[in-house]
Amino acid sequence: MEKIMEVKNLEKTFGNNKVLNNVSFDVYRGEVLCILGPNGAGKTTTINILTAALNSNSGEVLFNSKPISKNLRGYKQLLGIVPQDIALYEELTAERNLRFFASLYGLHGNSLDSAVDGALEFSGLSDRRHDKVKTFSGGMKRRLNIACAIAHHPQIVIMDEPTVGIDPQSRNHILNSIKKLQSNGMTVIYTTHYMEEVESISSRIIIMDHGNIIAEGTKESLKESVENEKHYTIKIDSADSIEPTDFLKIIGVKSSQIADDTIKITSDKNIENLDQIIALITKHGSKIININSETASLEMVFLKLTGRKLRD
Amino acid sequence: MQRFFVILKMDLANLFKNLIIISYNTIFIILLIVIMGFLFGGNYAHIEDAYKYFTVTFIIYAILSGAMTASNCFMERDIKKPNLRIIYSPAGSFSIYFSKLLASFIFDYIFHTIVLVGACLFLHVSINNLPLFILSMAPVEFMSVSFGIFFCCVFHNEEATSTLLSTIVSILSALGGTFFSLDGMGKAMAFISYISPVKWLNIAFFRLAFDNNLSYILPTFVISILISVALIIGCRFTFKPEDYL
């Protein structure tokens, strides 16, 4: 895949606090790159440097193989940004907001008209185009916030937690819209706390903590990297005749628990032993009602990598 | 340049929709002139003379208070967030603060001119060479809004800027004789009064308005422009886009 952006050795310090420590990653054309991390991980600082609103202490950002500082105006022209806060004129209509922000990118005349129409349609706000933003719900404002960032058809869109505090319908609309942007060839960099959003839209994921990138890859590869165990939950009709220690004799089984006719077994991921577990249960005359095999979720990956300790 | 005018147009539209700012720059000033003129007229002077005095001093007070219009235009809560998008756009940071500066200047200049002309028409204030008086207001107005924008760049906050500047403007105006002249209160008070730049502005505009004397206006013009340029250069160094983040 073609690289659209290369981030090299970014470092940023605020006072004595080093918030980015040698952060490097690439962004590929047409992908949705999700940046995950707990509060204070350095996500927003990274995003702010990518938007050129904040300077790094060292390192550089290349866009289409050229440093963004060499052609800042050209870079900004091809960039769309959805800030974390809703950045709209509340007293103006949706259309007037879009017109104003799109015209900052040099659009005028027919191209401006069609850009505004397209963005309104994209955000599902065509029928509310003449209404003032202050009359909109939180979800509608968020949708317009995104529409203002993509009206000028940027090559790359950076979204910083664009779905904070909205209803499921608007979130669903936004996530579908991002998939649509991707299918139209747009590259998206997306930060969020919501794992289900990452599951839904990401092509690739970067996990940050304490100013460092601690993991990078597709959701499948990340899950695989932390998954060295598998968990079986087996519901049986009666567990009276089975002892938990019986399962420990099977190769690969690390632990087992029995409660309320449900057996929970943790086994080595690389050893196939389900058939032996089933055989042991049936040997004891019990009937299997249900078997559930749990794989690692993105949330498990995230918590395993960043820890469960509460952050400020 | 097209982007700059797009932003300027938006800033002007935002200001002209702001009834509080419009009232502050018109009704408030008219009320000050009328009330103070009425109170001081009769007992101490002819009412026409009182209106003359307070029209000049309060127009200058309004011009200096234009710094607050600028700080509101620049960093008012509802405007600060959309400004973030302008920072992200290819328009550049100069367009942000300079468009606010120019919009505040145009807005204040229009309304202060209306107040002045209104006072001449309805309070029978006769000002010699009214067009030159109005023209002379421009550089002072520009300097005043430049102060507002510069302090916003320094403090990154409308409230801090407005509080500081309104306090300074009020103190300097009181010392400069805006509300009543300190010249008759003894040598010490008269000396203190002359420390205030507002006193010199009042003298310059009084001499222009009533004596046709231009001797103080040219220095006022030049000094105001020089200070404005220095403040705009200062904005280039103090305006940091990250303060919006």
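The values are calculated or read from the model by the stated rules, or taken from the named source; none is laboratory data. Everything quoted here is computed from the prediction, not taken from an experiment. Note: ideal-geometry Cβ built from the backbone for every residue, glycine included; neighbour counts use all protein chains shown.
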## Note on the structure
The residue from B:196, B:170 that alone is surrounded by fewer than 17 Cβ atoms within 10 Å (Cβ to Cβ), closer than 18 Å to residue B:61 by Cα and small (Gly, Ala, Ser) is B:170
#### Entry: Residue that is farther than 24 Å from residue B:101 by Cβ and in a helix (DSSP H, G or I), where the choices are B:191, B:221, B:205, B:237
B:191
### Summary
The number of residues in the range A:255-279 that are loosely packed, with under 14 Cβ neighbours inside 10 Å, out of contact with any Lys or Arg (no Cβ under 7 Å at 6 or more places or on another chain) and not in a loop (DSSP other than H, G, I, E, B) is 4
### Message
Any residue at all in the range B:145-154 that's closer than 21 Å to residue B:224 by Cβ, out of contact with any Leu (no Cβ under 6 Å at 6 or more places or on another chain) and free of Cβ contacts under 8 Å to residues at least 60 places away in the same chain?
### Response
no
## Note on the structure
Scanning the range A:97-111 for residues that are more than 9 Å from every other protein chain (Cβ to nearest Cβ) and either under 28 Å from the mean Cα position of the chain (by Cα) or in a helix (DSSP H, G or I) (or both) gives A:98, A:99, A:102, A:109, A:110, A:111
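One line per residue, one yes/no per condition, for (1) hydroxyl-bearing (Ser, Thr, Tyr); (2) crowded, with 16+ Cβ neighbours inside 10 Å; (3) under 16 Å from residue A:5 (Cβ atoms):
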| site | (1), (2), (3) |
| --- | --- |
| A:26 | no, yes, yes |
| A:30 | no, yes, yes |
| A:38 | no, yes, no |
| A:49 | no, yes, yes |
| A:65 | yes, no, yes |
| A:68 | no, yes, yes |
| A:72 | no, no, yes |
| A:76 | no, yes, yes |
### Summary
Out of (1) in a loop (DSSP other than H, G, I, E, B); (2) surrounded by 15 or more Cβ atoms within 10 Å (Cβ to Cβ); (3) modelled with pLDDT under 90; (4) not acidic (Asp, Glu), the one residue A:56 does not meet is (3)
### Message
I'd like to check something: does the range A:41-64 contain any residue that is more than 13 Å from chain B (Cβ to nearest Cβ), over 11 Å from residue A:191 (Cα atoms), without any contact (Cβ under 8 Å) to a residue 40 or more places away in the chain and not polar (S, T, N, Q)?
### Response
no
### Message
Would you confirm whether or not the range B:134-156 contains a residue that is closer than 15 Å to residue B:205 by Cα and among the aromatic types (Phe, Trp, Tyr)?
### Response
no
#### Entry: Residue count, the range A:70-96 (criterion: facing chain B (nearest Cβ under 8 Å), within 21 Å of residue B:10 (Cα to Cα) and not basic (Lys, Arg))
10
## Note on the structure
Condition set surrounded by fewer than 17 Cβ atoms within 10 Å (Cβ to Cβ) and β-branched (Val, Ile, Thr), scope the range B:224-245, selection nearest to residue B:92 (Cα to Cα): answer is B:233
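Yes/no per residue for (1) surrounded by 19 or more Cβ atoms within 10 Å (Cβ to Cβ); (2) assigned to a helix (DSSP H, G or I); (3) free of Cβ contacts under 8 Å to residues at least 40 places away in the same chain:
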{"residue": "B:54", "(1), (2), (3)": "yes, yes, yes"}
{"residue": "B:59", "(1), (2), (3)": "yes, yes, no"}
{"residue": "B:70", "(1), (2), (3)": "yes, yes, no"}
{"residue": "B:80", "(1), (2), (3)": "no, yes, no"}
{"residue": "B:131", "(1), (2), (3)": "no, yes, yes"}
### Task
State whether the residues of the range B:15-23 include one that is in contact with a Ser or Thr (Cβ under 8 Å, 6 or more places away or on another chain) and in a helix (DSSP H, G or I).
yes
## Note on the structure
Exactly one of B:114, B:63, B:59 is out of contact with any helix residue (DSSP H, G or I) (no Cβ under 8 Å at 6 or more places or on another chain), over 30 Å from residue A:77 (Cβ atoms), away from every other protein chain (no Cβ under 14 Å) and at pLDDT 90 or above, and that residue is B:114
### Query
Here is a list of conditions, (1) within 14 Å of chain A (Cβ to nearest Cβ); (2) part of a helix (DSSP H, G or I), and residue B:91 meets all of them except one; can you say which number that is?
(2)
#### Entry: Filtered residue count, the range A:243-256, keeping only those that are touching a helix residue (DSSP H, G or I) at 6+ places or on another chain (Cβ under 7 Å) and either of a type outside the set (D, E, K, R) or not assigned by TED's automatic domain parsing to the domain that holds residue A:286 (or both)
4
### Query
Here is a list of conditions, (1) among the aliphatic types (A, V, I, L, M); (2) within 14 Å of another protein chain (Cβ to nearest Cβ); (3) surrounded by 24 or more Cβ atoms within 10 Å (Cβ to Cβ), and residue B:101 meets all of them except one; can you say which number that is?
(2)
